[in-house]
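Chemist: Below is one structure. I have some questions about it.
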Amino acid sequence: MTGGLLLLAAALALWPGRAALRRERRRSLTRRADAAPRPAAGVPLPAVAATAAGAVAALLSTPLVAALAGGCAALAARAGLRRRAGAQEEARLAALVEALAALGAELRSGRSLDEATRAAVTACADGDSGRALARAVRSPGDGAREADGGELGQALGRVAAAARLSARTGCSLAAVVGAVEDDLRARSRHRLELRSATAGSRASAALLAGLPVLGLVMGGGVGADPWRVLTTTGTGQLLLVAGVGLEVAGLAWSARLVRRAVR
């Protein structure tokens, strides 16, 4: 029981706080969206998390607990990487929206396309998004390649199509740029509203996921020592594996439902 409590305390101590997450979100404005966080040696983060969690659990408990802790740590690291990639994509979209606003304002003020593009790149908080926008405007023939990069690529593809149409027919590029900007802002507001609507469901899932740990703590408090039963007896080990499997499946299913609702 003591080993389980120490492992839980270590996990809570290493869990990032809100301030750290906010700092990471600000730093993501200047990172590449496709750059996955990896340790300096180039080892994938899930492997590092699994090895560290497994080693700590092996020192504190049984090999079975070490294997389960390593697997859960790897899954948690993968989920964290997905969330971070999503935050980076949203940061790049936000930066592109501001760049499009600057581009449309400069074009409507009568500046040339090159001058307006330079001003938009300067106003863009993410350098990669700014350069991609400049390529889409200055070389619209290459903009079709951006259309395969998710929502950001689709937005750049629309800008490139508008630039091609403006070059061929002489129509106003500012109007189309403004329409793309309005569409991206509306999509962002819609995602925020959906996340607010699903906040209760996410909180309920997190609360239910913590109930087994609370049960272990309460059992230890009354002298039952359920951790010893789960880690040293055959029946307890089977129940431990089944419980961890059901816990992981429940968290994955609830996360999948929330992702489908937010789309």
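Values in this text are rule-based calculations from the coordinates and carry no lab data. Quick caveat, the model's predicted, so the values are computed rather than measured. Here the Cβ is made from the backbone with ideal geometry for all residues, glycine too, and neighbour counts use every protein chain on show.
Chemist: How large is ³J(HN,Hα) for each residue in the stretch 48-57, as worked out from phi by the Karplus curve 6.51 cos²θ - 1.76 cosθ + 1.60 (θ = phi - 60°), to whole Hz, x for Gly and Pro?
Modeler: 5, 5, 5, 5, 5, 5, x, 5, 5, 5
Chemist: I've got another one for you. Mind listing the phi-derived Karplus ³J(HN,Hα) values for the stretch 70-83, rounded to whole Hz, using 6.51, -1.76 and 1.60 with θ = phi - 60°, and x for any glycine or proline?
Modeler: Coupling constants for the stretch 70-83: x, x, 5, 5, 5, 5, 5, 5, 5, 5, x, 5, 5, 5 Hz.
Chemist: I'd like the FRET efficiency for ARG189 and SER112, computed as 1/(1 + (r/R0)^6) with the beta carbon distance as r and R0 of 30 Å, rounded to 0.05.
Modeler: 0.40
Chemist: Using the Cα gyration tensor of the stretch 198-263, with a ≥ b ≥ c the square roots of its eigenvalues, what is the shape: rounded (a/c below 1.5), prolate (a/b larger than b/c) or oblate (neither)?
Modeler: It comes out oblate by the Cα gyration axes.
Chemist: In addition: Calculate the FRET efficiency for ALA47 and ALA249 from the Cβ-Cβ distance with a Förster distance of 25 Å, rounded to the nearest 0.05.
Modeler: According to the calculation, E is roughly 0.65.
Chemist: Packing-wise, with mean Cβ within 10 Å as the measure, how do 88-95, 99-106 rank, highest first?
Modeler: Order by mean packing, descending: 99-106, 88-95.
Chemist: So, one more: When ranked by the protection proxy of mean other Cβ atoms within 10 Å per residue, highest first, what sequence do the peptides 166-178, 57-69 form?
Modeler: Sorting 166-178, 57-69 by mean packing, highest first, produces 57-69, 166-178.
Chemist: Also: Nearest 20 debye, what's the magnitude of the dipole of the stretch 92-186 about its Cα centre given +1 on Lys and Arg Cβ and -1 on Asp and Glu Cβ?
Modeler: Dipole magnitude for the stretch 92-186 comes out near 300 debye.
Chemist: Measuring from a point 7 Å past the Cα of LEU211 along Cα-to-C-beta, which residues in the stretch 219-239 have an amide N at less than 16 Å?
Modeler: Correct set: 219.
Chemist: Let me ask something additional. Take ARG228 and SER139, extend 7 Å from each Cα along the Cα→Cβ direction, and tell me the distance between the two endpoints in nm.
Modeler: Here the modelled spin labels are 7.0 nm apart.
Chemist: Further question on the same structure: Let me know the charge dipole size of the stretch 198-263 about its Cα centre in debye, to the nearest 20, where only the beta-carbon of Lys, Arg (+1) and Asp, Glu (-1) is charged.
Modeler: With Lys and Arg at +1 and Asp and Glu at -1, about 480 debye.
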